[in-house]
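The values are calculated or read from the model by the stated rules, or taken from the named source; none is laboratory data. Since this is a predicted model, take the numbers as computed values, not measurements. These area figures cover heavy atoms from the full protein model, side chains too; ligands, DNA and RNA do not enter into them. Shrake-Rupley method; radii C 1.70, N 1.55, O 1.52, S 1.80 Å.
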Amino acid sequence: MPHHNTVFRDILKLMPWRQFEALVEEHNADARVRRLPTKAQFVALLYGQLSGASGLREIVTGLSSHGARLYHLGATPVRRSTLSDANAGRPSAVFADLLALMMKQAHRGLRRKMAEAVYLLDATSVRLNGHSADWARFSAGVCGAKVHVIYDADADRPIYAAVTAANVNDITAAHQMPIDPGATYVFDLGYYDYLWWATLDDAGCRIVTRFKSNTPLNVVEELPVAPGSNILSDRIGFLPARQAKSRRNPMQDAVREVRITTDTGKVLRILSNDLDASAEDIAGLYRRRWAIELFFRWVKQTLKITRFVGTSENAVRIQISVALIAFLLLRLAQAAQKAVQSPLVFARLVRANLMHRRSIQNLDVPEPVLQDHRQMSLSLC
């Protein structure tokens, strides 16, 4: 029979190990480490993500049951207390920087002209228990964190991610995000900030978002709309010249307001700084924002960022980074085969066969039943 590595081994081959080792050295992550190197910690946490393990004990037990194959994975048997200590004390920057590097590498191969790039911005909250109150308290009795993401809908990949406490506003995190000049940014009301909009506008970016219901528009031109469509109006105008406390609004250029009706009958006022595209194109760009909601739903249902194996800020940041790395590895592994087109089905097949010696190319093909020739075979006519 032809030899096959385990599915997990084939996925680990997609890792940029040389850059990982450089990050470990840069952050001095393995200094004074005796039992669990950072690589073994990462492999254990990645195993937990891909196998669907719900806690440290399940990760440890699962790895122990496959002890004979750990050597070929570059891993070692691990104790729960040792893994817990590593998650609490090992610098999370190693994993965050690794995630950033892998997102950049994955996006580089799919990069289009910036005029064609459409980036979706949003954040999702994850609930934490009271043991995280020292850094993630949101309100009395409620603790949580936020994952802020820039998502490339065409490539189906995040290109930026950051973790904050849940009480950090989305726009505060947005001011730290990188900007690709000339790209299109689509976002919702959580990023309602004229100064940030002006920064995007100055970089030549196209903005598509929503008006707040109480934001007036000084209309200077009414554009025609096609009869019978869901486009109610298409107007060009100016935002208020002054903000609260008589501050000058930095967004002084003309903007576009496209009013549409949704399938439920709700009326939305869509804002854009693109004065040339059709109203249908602008409305279509805003509808694409739903893709990032589907991305968050997929990650939460398929990977492990709703139940945490640690409560410290460091442990939570590590787990979220490893979960998003697992997402990228699954996408890369799926792209390397042609048989399974559904990302969800592929992820389920990887989970079911993770430590089996099978080729990723035929995960959907049932394994043949091998007949032992030493066994008596009875045929009935």
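If you average the sequence gap of Cα pairs under 8 Å that are 6 or more apart and divide by the length of the stretch 127-186, what percent do you get for the contact order? Walk me through the numbers before you get to the answer.
Values: 74 pairs, mean separation 15.9, N = 60.
Relative contact order here is 26 percent.
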Inset, instruction - With a/c under 1.5 counting as rounded, go ahead and sort the stretch 62-208 into rounded, prolate or oblate using the C-alpha gyration tensor (a ≥ b ≥ c being the square roots of the eigenvalues; past the cut-off, prolate if a/b is larger than b/c, else oblate). - result: oblate
Inset, instruction - Would you calculate, for the chain, the mean residue ellipticity at 222 nm contributed by helices, counting each DSSP H stretch of 4 or more residues as -39,500 (n - 2.57) and dividing by all residues, to the nearest 500? - result: -11000 deg cm²/dmol
Legend entry - Compactness of the stretch 266-371 - radius of gyration and Dmax, Cα, Å: 19.9, 70
Legend entry - Segment GLN252-LYS13, extension gain: residue separation times 0.36 nm, minus the distance between their alpha carbons: 80.9 nm
Inset, instruction - Using Cα positions and a limit of under 14 Å, work out the aspartates and glutamates in reach of LYS212, with same-chain residues fewer than 8 apart set aside. - result: ASP188, ASP193, GLU257
Legend entry - Column: log10 I(q)/I(0), Debye, Cα scatterers of the stretch 1-133, q = 0.10, 0.14, 0.16, 0.22 Å⁻¹: -0.43, -0.80, -0.99, -1.44
Inset, instruction - Enter the angle in degrees (range 0 to 90, nearest 10) between the Cα long axis of helix 56-65 and the first principal axis of the Cα atoms of the chain, meaning the one along which they spread out most. - result: 40
Legend entry - For the stretch 290-337: rounded, prolate or oblate by the Cα gyration tensor [a/c cutoff 1.5]: oblate
Inset, instruction - Could you state the accessible area per residue of the chain in Å², with a 1.4 Å probe and every protein chain left in place? - result: 51
Legend entry - Order of exposure, largest accessible area first, which applies to ARG351, ARG69 with probe 1.4 Å: ARG351, ARG69
Inset, instruction - Determine ³J(HN,Hα), in whole Hz, for all residues of the stretch 260-274 in sequence, where each value follows from phi through the Karplus function 6.51 cos²θ - 1.76 cosθ + 1.60 and θ = phi - 60°; x replaces Gly and Pro. - result: 10, 10, 8, 5, 8, x, 6, 9, 10, 9, 9, 10, 8, 9, 8
Legend entry - Tensor-based shape of the chain (alpha-carbon gyration tensor, a/c under 1.5 rounded, otherwise prolate or oblate): prolate
Legend entry - Heavy-atom SASA rank of ARG289, ARG317, ARG248 (probe 1.4 Å, accessible area, largest first): ARG248, ARG317, ARG289
Inset, instruction - Report, by chain and number, residues whose modeled amide H sits under 5 Å from the one on ALA165, excluding near sequence neighbours (fewer than 5 apart, same chain). - result: LYS146
Legend entry - Carbon/sulfur fraction of accessible area - the chain, other protein chains in place, 1.4 Å, %: 50
Inset, instruction - Round to the nearest 10 and give me the degree value, 0 to 90, for the angle of helix 80-89's Cα axis relative to the longest principal axis of the chain. - result: 30
Inset, instruction - Please list, in chain and number order, the residues 5+ apart from ARG35 or on another chain whose amide H is under 5 Å from its amide H, with Hs placed from the backbone. - result: none
